[in-house]
Every structure is written in structure tokens, then in C-alpha cells.
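Input: a single structure, listed below in C-alpha cells.
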Amino acid sequence: MLIGCPKEIKPQEFRVGLTPQAAQEAIAHGHRVIVEAGAGAGAGFEDADYSAAGAELVDSAAEIFARAEMVVKVKEPQAVERAQLREGQVLFTYLHLAPDPDQTGDLLASGVPAIAYETVTDSAGGLPLLAPMSEVAGRLAPQMGAWALQKANGGRGVLMGGVPGVRPASVVIIGGGVVGTAAARVAVGMGANVTVLDRSIARMSYLDDIFMGRLTTQFSDAATVESLLERADMIVGAVLIPGAAAPKLITRAQLGRMAPGAVLVDVAIDQGGCFETSRPPTHADPVYTVDGIQHYCVANMPGAVARTSTLALGNATMPHLLALADKGWRQACTDDPHLLAGLNTHAGHLTNYAVGKALAIDVLSPAMALKH
């Protein structure tokens, strides 16, 4: 198979869909790899690294889309990229379709089998291709929130760990999954007073065990969120419903309950965000203010640490990439129901139920899509 990797064009996206190591592995399996010149520079990979791995460098993304049988990316294809997709060409990347009807419509019109990293599953019920970036984003969330809390940056002027005689910052994390756990680990390490909200008693018990009393867990419901607003210096939105739009957990009206300069960090922004006032800025201008409350809702948070993120993502995607290339996407998805769960569109059909519900589009089951 001819595998192609274009340079990412979403603003301030520095990751790359294929590492030189992954390219070398694919070539060892008998495949050909073409990479757009400069694609890996933002993550610290030089063109010479890809050449040494045996990949062919090409001058433009247009050549990648024109030649490649499978296109491997990081972020969802932008409009100019979607216009170059063709039926039968496999797309393997993050998609996050639920809050993005334009992208969904374009992918359906293209006819491509589009396999989304974020909906591939595993035998334990996890999301193995989303987890590495969730881990990165979770660890970044308190760091970025702490920066936004500084008075010079518009925040309350509260130090995460406080000092003797002065209380530390109060950090509320909504969601105790991969993102929430990673965020809690860093926030606790910074000395903050951390509360994690979740609906799973088992998950809260797990968090209580691993943190050994260094944080508080509470059941997540509207009344609890409301009660915590006034004392929160930072709230991290870490909720995830696989493939679906994120629920809105804090309304604009509720911002008035928070202290001026408090910070909202919305890690769920790729799925539409879990705060009513969330919108995706860029790394170039990452913080904005609504009703006196600081918002950090950058949609590609892991892109800020592009090398770490690219290596982590490459480790997770490589086995699936090789399966798709070695067997062809149909056989690979037939053999692996967890990979099949990643199929979001094919031959003009939407194949993910959560996306269909969010966008009110009819859905064809992934198993039936394999027959088209």
C-alpha cells in the first residue's frame, strides 16, 4: 500500500501523523511511504530522518492526496484537504465529527472510508488511540490553567500551591477518566486543593485509592457543580462521551457565581466543549474572557508539546496503521471489531451512532458498511 502523510495545516498544529520510526516499520512490511517535505519539522523530525527511514519526500500536500491509498494525519482534514479526498482512499486520523456538520458532510460526499482515532476501542472498553492525547491534554490542563490564573495574564493572581499561611488554589476537575486523572496528578503535584467529580462510584474509589487522600472525590451532578462554583479558582472540563458531543455542564449564567479571574479549562473542546461559553482559540492567542472568567479552550492542546505528543500517538497508532496497510481496510476491520468501531464514514454513509444522534443523520452499522 502507498501511505501518505501531509503536513498539518490547522493553525499552530505542530504534530505529524507519521513518525520516521513508523515510516520505517511500514516500509519493512513492504509498503511505500510518501511524506510532504517539512511535515515533521514542528515535532523535531527532519526531512533527512524520513529519507533515512526509506520514505519518499514530496513537495506538496496535493501530491499526497493525489497518490496515496491511505492518508495518515493527526487533526481532522480541513476544508481544502477534504476537497482532495477521493472515493476508495482511506483516511486515518482524528475526526471529532459530532460538533462538525461541515466536515461530516464533506466526508460523506467524498465517499472515503474514514477511520477516526478517537472511536477505535479495545477489549477493556477503552479508547487506545485517544488515551495518549487525553493523557497529554490532562497533564497540560493545570499548567495552562495556572498560567491563566496569574494576574498579569488576567487571572485571580492565585498560586496553585499557595504558601505557608495562604491557602492553595481550589481546582475542580469534572470527569475522572484518563484526562481527569492526568489533570489531578499534575494539580495535586503543584500543591492545589483538588476535587474530582465523576458519576462512577468504582472510578471514584479507584481515584481515592491511588491518590491516598490527597484529593477529594464527589458524585457529579448539577447541584454539586453549582455548589463548587463560588470557591473554585480553576475548573477543568474533562468529560467524554465517545464520539458524541460533550454535554454542557456550566452555563453562561453560572459564570456570575465564580470569582472574577477564575479559570475554565475545557479539554472537551474537540467534542464541542462542556461549558456553554467555550469556543476554540489557538495557541497563538489561547485565553479569552467571558463575564470576567478566563477561558482556555484550545482545540489541539497536545500540539503545544508536539514532539512528546507525536511520539505517544505514533506508538499507539502504529499497530492499527500496519493492520490497515497489510490487510487492506476492509479485511483489517473485519478481523478486528475494535478497529471497525473507528469507522465513521464510508461510501456516503455515516457509520457512528453517537455522531448520527448529534447531527440527526441516519446511520448505517459499521458491519453493514463493510458490504458496500
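The values are calculated or read from the model by the stated rules, or taken from the named source; none is laboratory data. This is a predicted model, so every value here is computed, not measured. Here Cβ is always computed from backbone atoms with ideal geometry, including for glycine, and neighbour counts include all displayed protein chains.
Considering 341, 347, 354, the condition of being touching a residue at least 40 places away in the same chain (Cβ under 8 Å) and closer than 30 Å to residue 252 by Cβ is satisfied by 354 alone. Tell me, please, whether a residue that is of a type in the set (A, V, I, L, M), under 26 Å from the mean Cα position of the chain (by Cα), under 17 Å from residue 273 (Cα atoms) and crowded, with 21+ Cβ neighbours inside 10 Å can be found in region 151-173. Scanning region 151-173, I find at least one residue that is of a type in the set (A, V, I, L, M), under 26 Å from the mean Cα position of the chain (by Cα), under 17 Å from residue 273 (Cα atoms) and crowded, with 21+ Cβ neighbours inside 10 Å, so the answer is yes. Scanning region 183-219 for residues that are more than 19 Å from residue 135 (Cα to Cα) and among the aromatic types (Phe, Trp, Tyr) yields a single hit, 219. Cβ separations smaller than 7 Å between residues 6+ apart or across chains give the following pairs from region 226-250 residues that are touching a residue at least 24 places away in the same chain (Cβ under 8 Å) to residues that are surrounded by fewer than 18 Cβ atoms within 10 Å (Cβ to Cβ) and in a loop (DSSP other than H, G, I, E, B): 239/247; 248/276; 250/276.
In region 190-210, the residue that is surrounded by the most Cβ atoms within 10 Å (Cβ to Cβ) out of those that are out of contact with any Gly (no Cβ under 9 Å at 6 or more places or on another chain) and part of a helix (DSSP H, G or I) is 208. In region 341-352, the condition of being out of contact with any Pro (no Cβ under 8 Å at 6 or more places or on another chain), modelled with pLDDT of 95 or more, under 29 Å from residue 43 (Cβ atoms) and part of a helix (DSSP H, G or I) is met by no residue.
Inside region 4-31, residues that are crowded, with 18+ Cβ neighbours inside 10 Å and free of Cβ contacts under 8 Å to residues at least 40 places away in the same chain make up a count of 2. For the residues 140, 108, the requirement of being touching a residue at least 60 places away in the same chain (Cβ under 8 Å), farther than 17 Å from residue 321 by Cα and in contact with a helix residue (DSSP H, G or I) (Cβ under 9 Å, 6 or more places away or on another chain) singles out 140.
Applying the condition of being under 23 Å from the mean Cα position of the chain (by Cα) and surrounded by 15 or more Cβ atoms within 10 Å (Cβ to Cβ) to region 37-60 and asking which residue is farthest from residue 15 (Cα to Cα) yields 45.
Taking first residues from region 43-56 that are within 14 Å of residue 26 (Cβ to Cβ) and partners that are among the β-branched types (Val, Ile, Thr) and modelled with pLDDT of 95 or more, the Cβ contacts under 6 Å between residues at least 6 apart in sequence or on separate chains come to 50/35; 54/27; 55/33; 55/35; 56/34. Of all the listed residues (165, 161, 157), the sole one being touching a Gly at 6+ places or on another chain (Cβ under 6 Å) and either without any contact (Cβ under 8 Å) to a residue 60 or more places away in the chain or farther than 18 Å from residue 313 by Cβ (or both) is 161.
Number of residues in region 24-43 that are under 11 Å from residue 2 (Cα atoms), in a helix (DSSP H, G or I) and in contact with a Gly (Cβ under 7 Å, 6 or more places away or on another chain): the value is 1. Which ones in region 211-223 are of a type in the set (Val, Ile, Thr) and loosely packed, with under 15 Cβ neighbours inside 10 Å? Passing the criteria: none in range.
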